[in-house]
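One structure is given below, encoded as C-alpha cells.
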C-alpha cells in the first residue's frame, strides 16, 4: 500500500489547497500504477530464472486433491518450476496461491497478450485491469490457443482502460466461437455460440464468515432452475410464517434454503438404492439431516457442579467469532449429534516412540498452531499434514542410535500438502523456537517468524 501523500511532507500537506491535494493524489496513483507494472515485470523475470524440467506445454503445478494440473499461464507461455513460487510470495508477504497468480498473470500478459503488456509498461493501463483480462484468458473453457488469445489482445487493447467483466466475458465467448474452439455438440443450437462459455457456478465463501455466523453464497444457474428455486424459497418462507415465525422475509428465505439442503441430504438416494428392501424397524434409512462438522472453542468455568461457558468463542473454520447462543441453536435439532471432547493442556508435551501420530497428539498440534505454519499460509491445520520438523529416523532403533526426530509435540507442526512438499524437497528449513512459534529460512536466506499473530520478517539476507 502506497501512502497517497508519500511525496508530500506532512507539514506541507496540511497547507495544500484542494487543487494541489488532488494533484498529489493523482501523482501518488501514477506512482502506484508504475510500481505495480514493475512488479509484474519482475515476477516474469523471476519465472525466467526458474524453468522446470518438464514436457508440459504450459506452466502448471499439481494441485493436491485434484486429478489435473492447474495452469499458471496459457499455452505458449514458458514453464515455471513449482517451488520458486513460495519464495516470491514470502518476500511480497502474500500466500503461495497469490504469488502463483501474480507469476501467471505476468507470463500471460507478456507472451500471449503483448499489446496489453506494452500498455501496462507504458502506464496507459493499470496493472490490476490487465490482470483481470489475463485471469479470464488463462481460465477459459475450452482453452484459448495462442492465436485466439492474440485476437482477444487486439480487441481489448483498444478499450482496455474501460473494459468491464461483462464485456470481457462476451469477448472471450465470441473468440471461442470465432476460432471454433468448442467441442461440437449435436444438440446445441449453432446460433448459441455465446453459450460455449458456461458461466454457471455455485460458490460458498466459507472463509469469509460474518460475526453472526453467516456466510455468503454466490451462484449463477439456469433461468429455469432460478425460477424453481425462487418458488421453493417463497413457499418455504410462507410456511415458516404460517407456523408463527416473526422473522423477516429475507431471513425466512435463507432458512428455507438450508431446509432444502438438508432435505436433499436426507434423501440419500445412492445408499437407498443399495440398501435392502426391508430396513430394520428401528432404522428409518435416513442419515442425520445436518451433516456439518464444526469445531468451536469456548472458555468455561465451574460453578459448583455446573459448567458455565462464556458468551463468545472461536470457530476453527475461518478463525471467526462464535456466539454461544447460535451454537446452542444449531445443536438443538433432534437429529444433531454433539460430541464434547476433553480439554487438552497445550503446555504439556506428548510423546510416542512410533512414527505414526496418534489422534491425541495430532489434536494437540492442531489446537496449538491452528493453521499451516508456513509464512503467510492460512490453510486450517485440521486439513494439513502433520510434519516432523526434524525428520524421523526410521533406522535408529535397528542401528541402536538415539532417535533424532522423535514423534513429540515439540517436533511436530501442521503443513499443508504444498508446503510440506516444499520443505521436504527444497532448501526451505524451519525450527520451533518455542511452542507455536516457528522460524523459517528460505533458500535465499530470507528469514521469517510465524506465530499466532501471523508472519513477520526477522532480517534481510546477507549481501
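Values quoted throughout were computed directly from the atomic coordinates according to the rules given, and no laboratory measurement underlies them. Model, not experiment: these values are computed from the prediction. Here the Cβ positions follow ideal geometry from the backbone for every residue, glycine too, while neighbour counts run over all protein chains shown.
Hey, fewest Cβ within 10 Å first, where do 177, 307 land in order? Don't skip to the end; give the middle numbers.
On the way: 177 17, 307 11.
Ordered by Cβ neighbours within 10 Å, fewest first: 307, 177.
The overall shape of segment 348-463, judged from the alpha-carbon gyration tensor, is oblate: a/c is not under 1.5, and a/b is no greater than b/c. Residue exposure proxy: 249, 223, ordered by other Cβ atoms within 10 angstrom of their Cβ from fewest to most, comes out as 223, 249.
Between residue 261 and residue 170, take the C-beta separation as r, use R0 = 41 Å, and let me know the FRET efficiency to the nearest 0.05. Given R0 = 41 Å and the Cβ-Cβ separation, E is 0.80. Among 238, 423, a tally of other beta-carbon atoms within 10 Å of each Cβ gives an order, fewest to most, of 238, 423.
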